[in-house]
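The values are calculated or read from the model by the stated rules, or taken from the named source; none is laboratory data. Keep in mind that what you see is a predicted model, and the values were worked out from it rather than measured. As a convention, Cβ positions derive from the backbone with ideal geometry for all residues, glycine included, and neighbour counts pool all protein chains shown. All accessible areas refer to the heavy atoms of the entire protein, side chains included, with ligands and DNA or RNA removed. Shrake-Rupley method; radii C 1.70, N 1.55, O 1.52, S 1.80 Å.
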Amino acid sequence: AFFAALLVLLVVNTLVSNSISRPLATLSIAAQRLADGHLDERVPPVGASEVASLGDSFNQMADQLRRVISTLAGERAQAHAILSSMADAVLVTDTAGHILLLNRAAETLLGMRDPAILGKTLSEALLPYELESLLQQALTTQAPVRLDLSITRPSERFVEAHVAPVSVNEQPIGVVIVLYDMTNERRLAQIRRDFVANVSHELRTPVTSIRAIAETLLDGAVADPEVARDFLSTITGESERLTAL
């Protein structure tokens, strides 16, 4: 009777162990596949109630993880699309100044591509040393800073640099650098200054001549018809010149 009871106990123990160990082994394999990136992995909720409940929890966790990763991937794609479509150059660095991300406008402005610049510091990428100072200032003050500077490669460009710190839970994790290309604006401003200077010079000559003739006429030359007619003819010519200008 004793050995019969022992045999029954062993059989029952084996059955119970199998009903628990097999689902746990299946759950372990599924967890490893989920960790490897197989987000569609699920387990059948079988076995003892506790094990079946654990399987249900695993499936719920896998569903939630898939939703979170899908959401993050969508937000990442959206952010990348926005960044790529921006006309201004944008760079993202960590707190040490290593470049983590840049958009197409930055590649064009700096004459560099992702593989050649990612992971490098601002100085290693041969960017203006003022950017390094702005980065440290932004991290120290935790406030945006700006500065006008010039970039000499691949060609000379004048840019307006804006550097803003990025923090998570009040801990700085990096900065965002936006470079506005102001070269055309600078060139137009110079053209405008030259234009005003040239026009001022061209206007000054006929105006001075007309004023001198008018003063001469007031001083008595108007009494001489011949001189007055000659002066008035000159005033007419200078007025036509002003009209042409």
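A quick yes/no check of all residues on (1) of a type in the set (Lys, Arg); (2) open to solvent by less than 40 Å² (accessible area, probe 1.4 Å); (3) in a helix (DSSP H, G or I):
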residue: His38; (1), (2), (3): no, no, no
residue: Asn59; (1), (2), (3): no, yes, yes
residue: Thr71; (1), (2), (3): no, no, yes
residue: Leu101; (1), (2), (3): no, no, no
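Looking only at the range 154-167, count every residue that is outside any strand (DSSP E or B) and open to solvent by 60 Å² or more (accessible area, probe 1.4 Å) and tell me the total.
2
What are the residues in the range 168-181 that are open to solvent by 50 Å² or more (accessible area, probe 1.4 Å) and either aliphatic (A, V, I, L, M) or part of a strand (DSSP E or B) (or both), if any?
Val168, Gln171, Pro172, Ile173, Tyr180, Asp181
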- Per the filter on the range 186-245, residues in a helix (DSSP H, G or I), small (Gly, Ala, Ser) and open to solvent by less than 70 Å² (accessible area, probe 1.4 Å) are Ala189, Ala197, Ser200, Ser209, Ala212, Ala214, Ala221, Ala228, Gly237, Ser239
- Message: For the range 32-78: of the residues being β-branched (Val, Ile, Thr) and modelled with pLDDT under 75, which is farthest from Ser21 (Cα to Cα)?
- Response: Val46
- Message: Which residue is nearest to Ile151 (Cα to Cα), if the candidates are limited to the range 79-89 and must be open to solvent by less than 40 Å² (accessible area, probe 1.4 Å) and of a type outside the set (S, T, N, Q)?
- Response: Ala89
- Taking into account only those residues within the range 117-133 that are in contact with a Leu (Cβ under 6 Å, 6 or more places away or on another chain) and not in a loop (DSSP other than H, G, I, E, B), which is surrounded by the most Cβ atoms within 10 Å (Cβ to Cβ)? Leu131
- State whether one or more residues within the range 191-199 are out of contact with any helix residue (DSSP H, G or I) (no Cβ under 7 Å at 6 or more places or on another chain) and aromatic (Phe, Trp, Tyr). yes
- Of Arg76, Arg113, Arg146, the only residue that is open to solvent by 20 Å² or more (accessible area, probe 1.4 Å), touching a His at 6+ places or on another chain (Cβ under 9 Å) and not aliphatic (A, V, I, L, M) is Arg146
- Subset of the range 85-139 [of a type in the set (Gly, Ala, Ser) and within 14 Å of the chain's Cα centre (by Cα)]: Ser85, Ala87, Ala89, Ala105, Ala106
- Item | Among (1) at pLDDT 85 or above; (2) in a helix (DSSP H, G or I); (3) open to solvent by less than 60 Å² (accessible area, probe 1.4 Å), the one test that Val92 misses | (2)
- Note on the structure: Among (1) touching an Asp or Glu at 6+ places or on another chain (Cβ under 8 Å); (2) of a type in the set (A, V, I, L, M); (3) crowded, with 19+ Cβ neighbours inside 10 Å, Ala138 falls short only on (1)
